[in-house]
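Each value in this text was obtained by applying a stated rule to the coordinates, not by laboratory testing. As the structure is a prediction and not an experimental result, all values here were calculated from the model. All Cβ positions, glycine included, derive from the backbone under ideal geometry; neighbour counts span all protein chains shown.
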Amino acid sequence: MSISVQHVSKQFGSFTALRDVSLEVPTGSLLALLGPSGSGKTTLLRIIAGLECAGSGVILHHDEDVTARSPKERNVGFVFQHYALFRHMTVFENVAFGMRVRGCANADVKKRVLELLHLVRLEGLEKRYPAQLSGGQRQRVALARALAVQPRVLLLDEPFGALDAKVRTELRQWLRRLHEEIHLTTVFVTHDQEEAFEVADRVVVMNRGRVEQEGTPQQVFDHPDNPFVMDFLGNVNVFQGRAQDGKVLLGNLEVAYPQYQHAESRDVVGYVRPHELDINRTPNGNSGLPAKVLQINPAGSLAKVRVVSDDFGIALNVDLTLERYGELKLQTGETVYVVPRRVRVFLAEDYAI
Amino acid sequence: MPVERQSLRRAQQEPAVLRWGLIIAAVAVIVVLVIIPVVNIFYQALGAGLGGYWRNLTGDPDTRHAIWLTLVVAPVAVLANILFGIAAAWAIARFHFPGRTLLTTLIDLPFAVSPVVAGLMLVLLFGQMGYFGRELQAHGIKILFAWPAIVLATTFVTVPFVARELIPVMAAIGSDEEVAAVSLGASGWQMFWRVTIPNIKWGILYGVILCNARAMGEFGAVYVVSGRITGQTDTMPLRVEKLFQEGTNAGTAASFAVASVLTFLALVTLGIKVALEHKTRQEIESAGAMGPPAKESA
């Protein structure tokens, strides 16, 4: 079932949690709401579920206006950040809860619960209490409980937040596979961009109650719409500069910028990801920034090099392939020339981070 | 544990004289103020043997009525306080509203006010000269010097027990599970009966036990509002006093017999209280353990 969020705003006292948010979740997709804490992503998820009412705006489930409906009528499955399992009920009764309050027959409940416990690989644990389970097991009970009511939509709030790194990676892949099996329209909230990119079909980046950008992980990562998205999705080097007559000057670097053709110069910010910087031993006209090598850290498949640029007075992070690193034979303290392969330029007044 | 204790003792090497002096003083106070009176009550009550004891309790219709009245009034007061306690604890633990701190403080007021003053407040409200007195009399409704006033006075002095017990329990447990129940399609009542109540049941029971003990033993407030009509508005504590004041040997023996029942109930309460304290502590601790779960592998 598709979800459509139209012009939703939400105010908590004087704090604006959501400002005019619109969003489409196509049927069967797996969408991530990605943003820092306080960006409004959890509030949006709760409004979609009906656990919070929208201040203004409309929520459609499959072209049906559900804005005024209760969570029960919306029939969503919700997995809470800390799972919120019923501590006085066994795993079985936790999963059965949604069916029990709907008055399902005992035999049906039993069949469905055992089916679900099989799906989340918790067979044999149905008599345990939540306190006797590990974090990963609790998370899967919460998921089975949400799925038991045969929801039309699955909503997950920071589903992997409270787990350690290894379990988190396993569960991510497992959730992705589960989604491919059952094809339920799913929205999950996360502040971890890696998690969003690995699991989701589509990513919605949120900041301060607004949607900053929406698209596939590839689109959002490769073509960020604004500095916030650029900065939020991983490491980035920031250059201050000026734009004039279709060009941008960042120190002695000159970059074409056809979007700005005015004679009056304006402040701009250039963003370059560490892997988009290269290092040369010789200055090649005006395309390289002189810099001193500060630190070299060959880690895993990359060599992370930190250099200091005298022009900007800032440290830059450069990721070199091990091959390139081998060719260069860099030493700390020597002077090199840093060449950006790609610079994204944003006018400074438009955005403040 | 033994290792810890030993090192603790070594760390606080007080002179033996001081140590034993304090222990003997504490034990002496308890023996004189608690143990001797309690033992004496049972000793006096059973002075005429079990048969006499039974006759003292059940032979006199006025005593029977007093026992019956207490057994009716206390449960009503307890029930009223369960309803009020849950409502107040819910409001205070779940919502932030203007006057929340004031409400929390006011719940404790009956602990601070002398029961006699509480009784007088009811007389001022419902007495013939009181605010509602004339109106009630015109409609033939009798509150003062009848069981409704006894129930009101008892309820007033026991208000804090359930509410005070539940506020910390509900605050520690939080509303996450309730929201989860709603998200799974539970109605308000289903959420309340299936999730809220099971989570706070030991807290409620603990509050009820304390509340009941206080309700059965209440003297001052009931003394003022009941009118002490023998065979009509005497509760057990009032009956104990009245029999004792008779000054006869038979009266004193009967007085101790009734007192022994109250004392026995107090001892039972104490036992249940100790057992329940353990349970409510578990309730609160499990709230902590079930919050953000500790990081662990699956």
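Short-range pairs are left out: with C-alpha atoms under 8 Å and at least six residues apart, the relative contact order of the range A:40-106 is 20 percent. Going by neighbour counts of Cβ atoms within 10 Å, the residues A:VAL220, B:VAL123, B:VAL208 line up, fewest first, as B:VAL123, B:VAL208, A:VAL220. A Gaussian network model of chain A, with springs between Cα atoms under 10 Å, assigns the largest mean-square fluctuation among A:ILE314, A:ILE59, A:ILE47 to A:ILE314. Within 10 Å of the Cβ of each residue in B:183-193, the mean number of Cβ atoms contributed by other protein chains is 6. For the residues of B:171-180, the average number of beta carbons from a partner chain within 10 Å of their own beta carbon is 4.
Measuring between alpha carbons in the structure, the pairs from A:LYS72/A:LYS166; A:LYS72/A:LYS110; A:LYS41/A:LYS304 lying more than 23 angstrom apart are A:LYS72/A:LYS166; A:LYS41/A:LYS304.
Among the chymotrypsin sites (Phe, Trp or Tyr not before Pro) in the range B:113-203, those placed in a DSSP loop whose Cβ has at most 12 other Cβ atoms within 10 Å are B:TYR131.
With a 10 Å cut-off around each Cβ of A:91-101, the average count of Cβ atoms from other chains is 3.
Exposed loop positions in chain A were taken to be trypsin sites (Lys or Arg not before Pro) whose DSSP state is not H, G, I, E or B and which have at most 16 other beta-carbon atoms within 10 angstrom. Between these positions, the longest stretch is A:129-207.
For the range B:94-240, what's the relative contact order in percent, using C-alpha pairs closer than 8 Å and at least 6 residues apart? With pairs under 8 Å counted, the relative contact order is 34 percent. Only helical runs count toward this figure. For chain B, summing -39,500 (n - 2.57) over DSSP H runs of n ≥ 4 and dividing by all residues gives -25000 deg cm²/dmol at 222 nm. Shown is the FRET efficiency for B:THR58 and B:ILE197, computed with R0 = 35 Å from the Cβ-Cβ distance and rounded to the nearest 0.05: 0.40. Using the Cβ of A:THR43 as centre and a radius below 9 Å, the other residues enclosed give a net charge of +2, where K and R count +1 and D and E count -1.
Sparse packing (at most 14 other Cβ atoms within 10 Å of the Cβ) combined with a DSSP loop state is found for the following GluC sites (Glu not before Pro) in the range A:91-183: A:GLU123.
Applying the criteria of a DSSP loop state and at most 15 other Cβ atoms within 10 Å to the GluC sites (Glu not before Pro) of the range A:293-343 yields A:GLU334.
Only helical runs count toward this figure. For chain A, summing -39,500 (n - 2.57) over DSSP H runs of n ≥ 4 and dividing by all residues gives -8000 deg cm²/dmol at 222 nm.
Relative contact order of the range B:225-280: what whole-number percent is it, with Cα pairs under 8 angstrom and at least 6 residues apart? Value for the range B:225-280: 23 percent. If you take the Cα centroid of the range B:78-119 and the Cα centroid of the range A:49-93, the two points sit 33 Å apart. Taking the fewest neighbouring Cβ atoms within 10 Å as the starting point, the ordered list for A:LEU31, A:LEU302 is A:LEU302, A:LEU31.
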